Amino acid sequence: ARDVFAALLARPDQDPEIAESAQSGLFYALVESEALDEARALARQTLAQTSPQLWLPGGAAAEPNDHWPAARRDKALADYYSDRLADAQAELEAMLALGAGDQNTRIALANVYRSRGWPRRAADELRIAQAADHPLRPVLLLAQTGVAMDLQDWDTAEALTTDLYRRFPQEAWARRALRSWQVARRPELRIEAGW
């Protein structure tokens, strides 16, 4: 995938929409192949090349650039995947301070909170994300499943996990969520001994 996306970006006179999709695809391909330094460099470069506003021909005022928030979120996610949680948290909170924010930014912030060991904060962000946009998006439900397990809300975790697996049995992430649920519910024997 890295080679395909890099080849798309190397083409001269590439359509801007395809180039932006290829940059995003290359970013996630780098993350998945654990080339995190390259992913961070690409995210910083993409953000530097993306303007927050666009001037349309014949327009009297600048229009917001829809790709700028995504580029900024990818930069924060590069910090998250590189285990720079404080930097990722600061960037995502700064984005949300500018306005209501989109569901993807709130889910990313909830994942940062969860990684920092703050499941209640993560749950609050996910409630806001659920109210703001599509409440049944798989990425939102997957995040809610993880937070419910962290909070030991077993009934909610079971309902969300079984629903995700029932709806998306062919997806690897749905199978991983089901496996995490099964492992969390296994009986456990602890033995301690001392003098």
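The values are calculated or read from the model by the stated rules, or taken from the named source; none is laboratory data. Note that this is a predicted model, so its numbers are computed, not measured. Methodologically, a virtual Cβ is constructed for each residue, glycine included, from the backbone with ideal geometry; neighbour enumeration extends over all protein chains shown. Heavy atoms of the whole protein, side chains included, go into the accessibility calculation; ligands, DNA and RNA do not. Shrake-Rupley method; radii C 1.70, N 1.55, O 1.52, S 1.80 Å.
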Among A88, S21, P119 - extreme Cα towards positive end, dipole of the chain, charges at beta-carbon: P119
Within a Gaussian network of the chain (alpha carbon springs, distance under 10 Å), most fluctuating of R40, R179, R11: R11
Surface per residue (accessible, 1.4 Å probe) for the chain, Å²: 63 Å²
At R0 = 41 Å, FRET efficiency that the Cβ-Cβ distance of R190 and T162 yields, to 0.05: 0.90
The chain: calculated mean residue ellipticity at 222 nm from DSSP helix runs of at least 4, using -39500 (n - 2.57): -22000 deg cm²/dmol
Relative contact order for the stretch 13-82, counting Cα pairs under 8 Å that sit 6 or more residues apart, in percent: 31 percent
Inter-part distance where the stretch 15-41 and the stretch 101-160 are each reduced to a Cα centre, Å: 25 Å
Among (i) 1.21; (ii) 1.33; (iii) 0.94, the entry derived from the coordinates for Cα Rg over 2.2 N^0.38 Å: (i)
Contour excess over end-to-end distance, with Cα ends at L151 and D37 and 0.36 nm allotted per residue: 37.8 nm
The stretch 107-195, accessible surface, carbon-and-sulfur percent (1.4 angstrom probe): 50 percent
Cβ-placed point charges (K, R +1; D, E -1), dipole of the chain about Cα centre in debye, nearest 20: 580 debye
Given charges at beta-carbon only (K, R positive; D, E negative), |dipole| of the stretch 45-127 in Debye: 320 debye
Per-residue SASA entry for T162, accessible area with 1.4 Å probe, Å² rounded to 10: 70 Å²
